[in-house]
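Quick notes on the structure that follows.
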Amino acid sequence: MSAAGVVRASGLTKEFGPFTAVQDVTFEVRPGRVTGLLGRNGAGKSTSLRMLLGLVRPTSGTATVFGHPYTELPDAARRVGVCMDGIGPTPGASGRRDLRIWARTLGVSHARVDEVLDRVGLTDAADRPAKGYSTGMKQRLALATALLADPELLVLDEPANGLDPDGIRWLRDTLRALAAEGRTVLVSSHLLAEVEQTVDDVVVIQRTLRFAGSLAELTSDGAQRLEDRFFSLVDGDAETAARTERLTHA
Ligand SMILES: Nc1ncnc2c1ncn2[C@@H]1O[C@H](COP(=O)(O)OP(=O)(O)O)[C@@H](O)[C@H]1O
Ligand SMILES: [Mg+2]
């Protein structure tokens, strides 16, 4: 692994009782790129992201963000913007009010709140109660929250869920723009087609790691549609997938 990995997961494993949700997963996230963490529902994506962010303790293995375990990373809340289920808006608050509450916690100005509202296209809805927002608007508010402190790294768990095709295009353009600004983006999805035009690098998991590399490497054989390649990685057994990967790299 290169020294430049913004995020490095090494042998990450999580057992819930007798059930192994994530097994020996190793990958790194390179700076200034959009990395897609891809896998079916239940593949272990959220558990992996939670281990990276210190929200779930790995059974074994380690994860670092900017070279530190997340819980020991100085200024973590400002350097890393996170979108993940369970971080919802304050009950009863409008989008703007919710963002202002976060802004105070993060030491960010009200002017910045207006900036992020604009960036995610929520300015017109900013003063309505956030609980009445559509799923897509809630996703936009969550991204606005993640962007508040101008983070270097964004970790987004299935931000495309519930978005309509316009929303998915908006998300794609937004994530590309964030990477173009030099930020690093780690985004999970269960839909490969959704992120195909968004990601530079791909990490495919199905409990175990099935592929880690650039999108170009994943598609280099040209013979297979990306989606078919994805299914052959997640449906094949881990040994076959690892062998495929070695062949790809040979
Ligand atoms: N706290 C938990 N206790 C028991 N099983 C869990 C827990 N969290 C996740 N799992 C299980 O681990 C597997 C991976 O879950 P998850 O990481 O949420 O997958 P994904 O995000 O890829 O859909 C699933 O089978 C899920 O039911
Ligand atoms: Mg999940």
Practice item. Would you work out the relative contact order for segment 88-150, in percent, from Cα pairs under 8 angstrom that are 6 or more residues apart? Key: 45 percent
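Which sequence of K14, K45, K131, K138 reflects their accessible areas, 1.4 Å probe, from the largest down? Before the final figure, lay out each step's value.
Details: K14 30, K45 10, K131 160, K138 90 Å².
Ranked from most to least accessible, the order is K131, K138, K14, K45.
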Point to revise | Length-normalised contact order for the chain - Cα pairs under 8 Å, 6+ apart - percent | key: 24 percent
Check your understanding: Tell me which aspartates and glutamates have Cα within less than 16 Å of K138's Cα, excluding those fewer than 8 residues away on the same chain?
Key -> D85, D98, D118, D124, D127, D157, E158, D164, D166
Review point. Okay, helix-only estimate at 222 nm for the chain: each DSSP H run of n ≥ 4 adds -39500 (n - 2.57), divide by all residues, round to 500 deg cm²/dmol; what do you get?
Key: -10500 deg cm²/dmol
Review point. When the Kirkwood hydrodynamic radius is evaluated over all pairs of different C-alpha atoms of segment 88-150, what value in angstrom, to one decimal, is obtained?
Key: 11.0 Å
Revision key, fill the gap. For the chain, the per residue accessible area (1.4 Å probe, Å²) is 47 Å²
Review point. What angle do you read, to the nearest 10 degrees and between 0 and 90, between the alpha-carbon axis of helix 226-235 and the longest principal axis of the chain?
Key: 70 degrees
Revision key, fill the gap. So the carbon and sulfur contribution to the accessible area of segment 88-150, 1.4 Å probe, in percent, is 50 percent
Review point. For segment 110-205, which GluC sites (Glu not before Pro) are both in a DSSP coil and crowded by at most 11 other Cβ atoms within 10 Å?
Key: E181
Review point. How high is the relative contact order of segment 1-104, given as a whole-number percent (alpha carbon pairs under 8 Å, six or more residues apart)?
Key: 26 percent
Review point. Is the shape of the chain best called rounded, prolate or oblate, per the rule: a/c under 1.5 gives rounded, else a/b larger than b/c gives prolate, else oblate, with a ≥ b ≥ c the square roots of the Cα gyration tensor eigenvalues?
Key: prolate
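The values are calculated or read from the model by the stated rules, or taken from the named source; none is laboratory data. Treat the numbers as computed from the prediction; the structure is a model and nothing was measured. Please note: Cβ atoms are built from the backbone with ideal geometry, for glycine as well, and neighbour counts cover all protein chains shown. These accessible areas exclude ligands, DNA and RNA; they are computed on the full protein's heavy atoms, side chains included. Shrake-Rupley method; radii C 1.70, N 1.55, O 1.52, S 1.80 Å.
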